[in-house]
1. Test A:Tyr371 against the criterion of being more than 19 Å from the chain's Cα centre (by Cα) and buried (at least 16 other Cβ atoms within 10 Å of the Cβ), and give yes or no.
2. Being within 14 Å of another protein chain (Cβ to nearest Cβ) and in a loop (DSSP other than H, G, I, E, B) is the filter here, so list the residues in the stretch A:229-243 that pass it.
3. Test A:Gln257 against the criterion of being more than 24 Å from the chain's Cα centre (by Cα) and open to solvent by 20 Å² or more (accessible area, probe 1.4 Å), and give yes or no.
4. Of all residues in the stretch A:191-203, which are buried (at least 24 other Cβ atoms within 10 Å of the Cβ) and either out of contact with any Ser or Thr (no Cβ under 9 Å at 6 or more places or on another chain) or under 12 Å from A:Val60 (Cβ atoms) (or both)?
5. Find the residue count for the stretch A:310-331, including only residues that are surrounded by 15 or more Cβ atoms within 10 Å (Cβ to Cβ) and assigned to a loop (DSSP other than H, G, I, E, B).
6. Anything in the stretch A:364-405 that is part of a strand (DSSP E or B) and in contact with a Ser or Thr (Cβ under 7 Å, 6 or more places away or on another chain)? List them, or say none.
7. Considering only residues of the stretch A:382-402 that are more than 15 Å from A:Ile444 (Cα to Cα) and charged (D, E, K, R), which is farthest from the chain's Cα centre (by Cα)?
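The values are calculated or read from the model by the stated rules, or taken from the named source; none is laboratory data. The shown structure was predicted, so the numbers you read here are calculated from the model rather than taken from an experiment. Counting neighbours? That spans all protein chains shown, and the Cβs are built from the backbone with ideal geometry, glycine included. All accessible areas refer to the heavy atoms of the entire protein, side chains included, with ligands and DNA or RNA removed. Shrake-Rupley method; radii C 1.70, N 1.55, O 1.52, S 1.80 Å.
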Amino acid sequence: MFLDIDKKVKSDIAAIDDYSSRITYGQLCDFSVAFNSYITSRTLIFILSENCIGSLSGFVAALSGGIVPLLISSNTERGLLRRLIEIYKPSCLWIPDNMSDEFDYKPIYHNSGYVLLNTGFPQYPLYEQLSFLLPTSGSTGSPKLVRHSYNNIAASARNVASFFELKSEDRAIGMLPMHYTMGLSVITSHLYAGATVLLTKKSLTDKEFWEFVKVNRATSFTGVPYSYEVLYKLRFFRMDLPDLRLLTQGGGKLSDQLFREYAEYAEKTGRRFIATYGQTEGTARMAYLPADLATSKTGSIGKAIPGGSLSLCDDTGIEINENEATGEMVYHGPNVTLGYATNPDDLLKGDENRGMLKTGDIARRDTDGCYFIVGRISRFLKLYGLRISLDEVEQMIKSGFNIDCICSGDDEMMKIYITEEDKKTVLHEFIVEKTGLFHKAIEIIVLDELKRNEAGKTIYI
Amino acid sequence: MDNLERYNNIFRNEFKVGNDQLNGDLAAGNLKQWDSIKQLSLVTAVEDEFDIMLDSEDILDFKSYETGKQILAKYDVIV
């Protein structure tokens, strides 16, 4: 079974969720058998995910039974969801009970607040090593998916559990969405270790979140930079959380000031603070900074995770051999995903990356071999933990408003340049609605003209 | 400007609401845009405006226009 869940202690608790439901490893195995009896062949299904036991169990069952799920948020904009169903024609949907009215498909199995719907679409072949799919960007509505192999997810779970030194007694807060690569990494690494995942849909600013954390004596917290900003704001350092021993961070760069604060807090209180680096294309984590280096290597992502390696390349793609250098960071490892999919035919494709991922990030390597992210080649922003493709936002505006625009910015603010003053307000609302971004993270600037070079390519500001 | 006006200004700025909405109904559960990001933005604005620093509990409890007033009273800010 997936991650050998049938070899864990049967009575140990695999997950607890907001509904005070809990599921043991033994029950998870039984669930998998039942679930898979309703899906008779190796097909594609969609899991409309939420951080709860129904969603988690469906995922574990699918991977145990050779069913290939696309994990996608239950909050996915409905137009995009319809389009994905039309494009990929899954055999079944595993969805929260309260969504079942939205579909005309036939319900065939109920469990844990979720229902399995049979779509009746004729099925098609899938690459034998394909294990599951994740969207590339949860926010800008791209139907592009990342193809993961069985080896990717097994290697990721094992290696992440190893460098976090996870044990079966651990109880991790699973607050990041499970359809988000790092949220899923929290789940798989803890299941690998035979530990417990505390799944919650609550946000850090909900009282119930903190009650949940305290009642279940959470031992670790994983967040994106924005989560750490919120914790700081909530006077986290003054909170009484004696069981919480491990803080892990990923999903973008924490400010140096906050990095230092958390590293010092951890050192003073006997906790571990571990910064990591990852991408969906690398099945989450690819690098981590060991806790004992947190105070001396502020802002660093450390070195490659066990089983992987990091290197730097120059503009021509040639590896830089000097110790201290700056260049595009390249990762090699068993967690590098197979490639992308944009249509069902792509699901038959094999391994296009062959274990090598050009990250698109510019990194500096110091004399001790520690890496620091200093910039990005590809046109993506990470705002509040959401990965935003600037090219996709541009496309969205162009097709939605039929106006010209240029998007740029940094990891604090997305800047959108247009020439129509009267579109400013409505465009702002449109972007907030489509991307789910905080309104203050978007700035719209009206210019007399948008600059392009001779080849007609945009000159980014 | 009195404290009430300063307090109201913060809500007008943060949520783009009119004077008629500044009442007991203005709460996280009733206002779609009052999410976790807004919550902290609101608390920060209140702290800056009145030069106070709220405890974790009070930040988490700051979920409505009226509750906010009661919380501020604990910090000797009478709205």
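1. On the way: more than 19 Å from the chain's Cα centre (by Cα): yes; buried (at least 16 other Cβ atoms within 10 Å of the Cβ): yes.
Spelling it out, A:Tyr371 is indeed more than 19 Å from the chain's Cα centre (by Cα) and buried (at least 16 other Cβ atoms within 10 Å of the Cβ).
2. From the stretch A:229-243, those within 14 Å of another protein chain (Cβ to nearest Cβ) are A:229-241; that's our starting set.
Passing the criteria: A:Leu234, A:Arg235, A:Met239, A:Asp240, A:Leu241.
3. Working: more than 24 Å from the chain's Cα centre (by Cα): yes; open to solvent by 20 Å² or more (accessible area, probe 1.4 Å): yes.
For A:Gln257, the condition - more than 24 Å from the chain's Cα centre (by Cα) and open to solvent by 20 Å² or more (accessible area, probe 1.4 Å) - is met.
4. A:Leu191, A:Val197, A:Leu198
5. 1
6. Start the filter on the stretch A:364-405 by keeping residues that are part of a strand (DSSP E or B), which leaves A:364-365, A:371-376, A:380-383, A:386-389.
Result: A:Arg364, A:Tyr371, A:Phe372, A:Val374, A:Phe380, A:Leu386, A:Arg387, A:Ile388, A:Ser389.
7. Across the stretch A:382-402, the extreme among qualifying residues is A:Asp391.
Conditions (1) at pLDDT 85 or above; (2) surrounded by 12 or more Cβ atoms within 10 Å (Cβ to Cβ), marked per residue:
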site	(1), (2)
A:Tyr417	yes, yes
A:Asp422	yes, no
A:Val432	yes, yes
A:Thr435	no, yes
A:Ala441	yes, yes
A:Ile444	yes, yes
A:Arg452	no, yes
A:Thr458	no, yes
